[in-house]
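These notes are about the structure you will find just below.
The values are calculated or read from the model by the stated rules, or taken from the named source; none is laboratory data. Only a predicted model underlies this, so the values are computations on that prediction, with no experimental measurement involved. Glycine gets a Cβ as well: all are built from the backbone with ideal geometry, and neighbour counts include every protein chain shown. Protein only, heavy atoms only, side chains kept; ligands, DNA and RNA dropped before computing areas. Shrake-Rupley method; radii C 1.70, N 1.55, O 1.52, S 1.80 Å.
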Amino acid sequence: MLLLIPLLPLLGFLLNASVGRRLSKAASAGIACASIAGSFALSLVSVWHLLALEPESRSIVQHAYSWIASGDFGAPLSLRLDPLAAVMILIVTGIGALIHVYSTAYMHDEPAAEYARYFSYLNLFAAFMLLLVLAANVLVMFVGWEGVGLCSYLLIGFWYEKQTASDAGKKAFIVNRIGDVGFILGILLIIVHFGSVDFVDVSQAAAALRPEASFGPVSVIALLLFVGATGKSAQIPLYVWLPDAMEGPTPVSALIHAATMVTAGVYMIGRTAVLFSHAPQTLAIVAYVGAATAFLAGTVGLVQNDIKRVLAYSTISQLGYMFLAMGVGAYGAGVFHLYTHAFFKALLFLGSGAIIHALAGEQDLRRMGGLKRELPITYWTFVIGALAIAGVPGLAGFFSKDEILFRTYAEGHTVLWIVGMLTSLMTAVYMFRLVFLAFHGERRADPDLSQRASPARFDAQPALPGLPALPAQDRHEHLHDAPPAMALALIVLAVGSVAAGWVGLSGRFEHFLEPSLLVEPAGAAAGDSGLAGTLMVVSSLVAFAGIAVAWWFFLKNRAAARAVSERFRATYRLLVNKYYVDEIYDATIVEPIHIISEHGLWKGVDARGIDGAVNGVGTIVSGSGQLLRLAQTGSVRTYAASLFVGVVAILGYYLWP
């Protein structure tokens with residue numbers, strides 16, 4: 001049964017990829033949705049069987065076949081379902097199925113062949129992610145790991161005739177390959193150091209070791225695995241691909257950000273938690289990189305004008321929270337936030353897609369406003385998602401984010417806790433900035449926006465330039481709320497964004513995961529209810545303060561927002577241009593590689609060196625042939641004359657006195 005879970009969406013991919021262009025749109029969508037829904041049903045049955053086992057023995061293993069066997073080393077194609085994998089397969093198949101259903105309406109205007117191609121890629125994405133999370137060993141995980149990287153390239157660049165989409169797909173692929181170099185080296189070191197690639201075998205062998213006081217082999221392995229995670233899960237310094245990934249269709253963004261791809265790095269650290277727990281130096285790096293990423297992305301999200309880019313930087317920030325949790329040893333809290341984040345981030349992306357769909361492709365917040373009346377389903381579900389990610393008490397994000405902040409403080413990382421609190425404040429501000437600009441006030445228009453050819457000039461505009469309201473007769477143009485398929489996904493995800501966090505009360509979620517993580521449970525500090533209550537109140541006040549700040553600047557007194565952007569213009573431009581990280585990478589890495597490749601390797605080594613040597617040999621042979629042709633005229637009289645001259649010369653030499 002475990003093997004069928006990834007095989008069903010793989011079968012859907014094969015059908016749509018091979019015969020989809022000859023099918024109707026309804027048939028293509030039906031194949032894709034049925035395959036992922038079947039996978040979800042099988043996942044539910046499998047998890048039900050898992051829950052029937054005793055907590056200490058909750059593991060179901062299926063060996064498909066012997067994949068690699070060399071001497072004492074073996075790597076079978078095996079799948080293992082345990083509590084950690086159970087959480088992940090339900091996220092991937094459940095939320096993935098909702099995104100598939102949503103896509104049937106969102107992508108309906110695509111030609112039939114492109115429609116089938118889209119759903120084939122979507123199914124393949126789910127299949128590889130399911131293989132990744134069910135893998136019983138690190139090599140099988142790596143197959144799924146590379147597969148989701150391939151699918152991200154295919155789906156981000158789905159509209160490949162658009163240059164920005166094509167470039168974004170290539171950027172995601174290349175940046176992830178950089179991280180994968182570290183992951184591959186980590187896998188090789190695991191094989192050398194432990195002699196096995198099976199997760200349970202490696203974890204048991206590592207558990208018998210003492211935590212490393214210095215940077216030893218286990219710390220190096222953990223650090224290399226973390227390098228791979230920074231690529232997949234968009235952490236500093238490899239986060240730059242994720243904002244550009246917004247060039248793909250909006251449901252793809254939801255799938256990447258909520259159910260697949262970016263969660264892979266967090267999951268991988270949870271799966272190898274024993275290694276990281278024995279590498280305290282690496283854990284510190286993970287915590288600080290996560291906190292820095294969360295803060296940096298939060299500051300950039302405050303001023304973005306593209307609705308999807310606000311959500312993209314929000315994802316990077318929330319992933320930073322997850323890595324912060326992993327870095328302070330709160331592995332269960334990190335996975336818990338991954339689980340709750342899947343609901344409200346999928347909801348927010350699909351909600352933004354409903355807005356874009358209603359506005360005929362418009363994504364600029366500066367040209368929105370007043371949508372609350374026309375899009376009531378989208379509005380109320382979106383508000384629920386925004387409240388959840390802001391950490392408002394009672395909603396899913398509150399429980400998981402509060403647990404991360406509490407564990408960070410309880411473990412003695414006060415500086416990281418402060419950074420986390422500031423990030424939480426910014427999260428509430430930029431999410432409700434988005435809500436107020438998109439749904440409240442009057443819809444704004446700027447005729448010059450469509451004339452701006454330079455993205456740099458476009459991004460440099462003030463966040464609230466005082467755009468004029470649209471005439472009354474134009475306010476309802478193209479506006480329509482989410483169609484039934486899209487509305488269904490939004491409502492279900494909104495319910496999940498409210499209810500999902502309650503499963504973590506009293507540490508039940510973390511207790512459920514303990515057999516998978518194979519690390520010591522939380523210490524006594526984590527059970528201090530008085531401290532937990534105090535920090536809960538503080539985090540709740542921070543969430544409400546962020547919403548209040550957004551209400552004042554972006555709804556009540558928008559002139560104040562313009563005044564702040566003008567007063568701190570240099571800082572504002574720095575944030576709007578995303579700290580110029582892409583430009584720095586371009587100047588220090590991309591352009592030097594381009595110059596070295598073009599002028600050094602191509603024109604110097606290849607054209608002049610290699611081609612010059614090969615062509616030089618040809619020139620020498622050709623020139624020698626030209627000289628030899630002078631001696632081979634084909635004239636018998638010439639040959640006789642040369643023979644006579646030769647004989648005379650030889651005789652003259654010997655007869656000369």
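Listed values, structure above:
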{"item": "Filter result for LEU535 (open to solvent by less than 40 Å² (accessible area, probe 1.4 Å) and modelled with pLDDT of 90 or more)", "result": "yes"}
{"item": "The listed residue being over 30 Å from ASP402 (Cβ atoms) and of a type in the set (A, V, I, L, M), out of VAL576, VAL542", "result": "VAL576"}
{"item": "Selection within region 19-62 - among the basic types (Lys, Arg) and more than 26 Å from HIS100 (Cα to Cα)", "result": "ARG58"}
{"item": "Some residue of region 144-151 being open to solvent by 50 Å² or more (accessible area, probe 1.4 Å) and within 27 Å of ALA273 (Cα to Cα)", "result": "yes"}
{"item": "Yes/no for GLU583 being in contact (Cβ under 8 Å) with a residue 60 or more places away in the chain, in a helix (DSSP H, G or I) and either open to solvent by 80 Å² or more (accessible area, probe 1.4 Å) or on the phi > 0 side of the Ramachandran plot (or both)", "result": "no"}
{"item": "Region 183-212: number of residues that are in contact (Cβ under 8 Å) with a residue 60 or more places away in the chain, charged (D, E, K, R) and either touching a Gly at 6+ places or on another chain (Cβ under 8 Å) or closer than 23 Å to GLN62 by Cα (or both)", "result": "1"}
{"item": "Candidates ALA346, ALA333, filtered to the one that is assigned to a helix (DSSP H, G or I) and under 25 Å from VAL240 (Cβ atoms)", "result": "ALA346"}
{"item": "Scope region 357-371; condition part of a loop (DSSP other than H, G, I, E, B) and under 20 Å from TYR106 (Cα atoms); matching residues", "result": "LEU359, ALA360, GLY361, GLU362, GLN363, MET368, LEU371"}
{"item": "Residue, farthest from PRO9 (Cα to Cα), within region 34-83, restricted to residues that are of a type in the set (Asp, Glu) and open to solvent by 70 Å² or more (accessible area, probe 1.4 Å)", "result": "ASP72"}
{"item": "Long-range neighbours under 6 Å by Cβ, at least six apart or interchain, first residue more than 12 Å from ARG80 (Cβ to Cβ) and without any contact (Cβ under 8 Å) to a residue 60 or more places away in the chain within region 43-69, second open to solvent by less than 80 Å² (accessible area, probe 1.4 Å) and among the aliphatic types (A, V, I, L, M)", "result": "SER43/ILE5; SER43/ILE89; SER43/LEU90; VAL47/ALA86; TYR65/LEU77"}
{"item": "Odd one out for ARG22, checked against (1) at pLDDT below 95; (2) touching a strand residue (DSSP E or B) at 6+ places or on another chain (Cβ under 8 Å)", "result": "(2)"}
{"item": "Members of region 550-574 found to be closer than 15 Å to HIS440 by Cβ and part of a helix (DSSP H, G or I), listed by number", "result": "ALA550, TRP551, TRP552, PHE553, PHE554, LEU555, LYS556, ARG558, ALA561"}
{"item": "Test: residue in region 56-66 that is closer than 30 Å to GLY504 by Cα and of a type in the set (D, E, K, R)", "result": "yes"}
{"item": "Odd one out for ALA485 among (1) at pLDDT below 65; (2) open to solvent by less than 60 Å² (accessible area, probe 1.4 Å)", "result": "(1)"}
{"item": "Among (1) outside any helix (DSSP H, G or I); (2) surrounded by fewer than 10 Cβ atoms within 10 Å (Cβ to Cβ) - the single one THR633 does not satisfy", "result": "(2)"}
{"item": "Some residue of region 100-120 being within 26 Å of PHE183 (Cβ to Cβ) and in a helix (DSSP H, G or I)", "result": "no"}
{"item": "Checking VAL101 against (1) surrounded by 24 or more Cβ atoms within 10 Å (Cβ to Cβ); (2) under 18 Å from PRO251 (Cβ atoms), the condition it does not meet", "result": "(1)"}
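For (1) under 30 Å from PRO55 (Cα atoms); (2) open to solvent by less than 50 Å² (accessible area, probe 1.4 Å); (3) within 25 Å of the chain's Cα centre (by Cα); (4) modelled with pLDDT of 50 or more, each residue gets a yes or a no:
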{"position": "GLY412", "(1), (2), (3), (4)": "no, no, no, yes"}
{"position": "VAL419", "(1), (2), (3), (4)": "no, yes, yes, yes"}
{"position": "LEU422", "(1), (2), (3), (4)": "no, no, yes, yes"}
{"position": "SER450", "(1), (2), (3), (4)": "no, no, no, no"}
{"position": "ALA469", "(1), (2), (3), (4)": "no, no, no, no"}
{"position": "LEU493", "(1), (2), (3), (4)": "yes, yes, yes, yes"}
{"position": "ALA500", "(1), (2), (3), (4)": "yes, yes, yes, yes"}
{"position": "SER506", "(1), (2), (3), (4)": "yes, no, no, yes"}
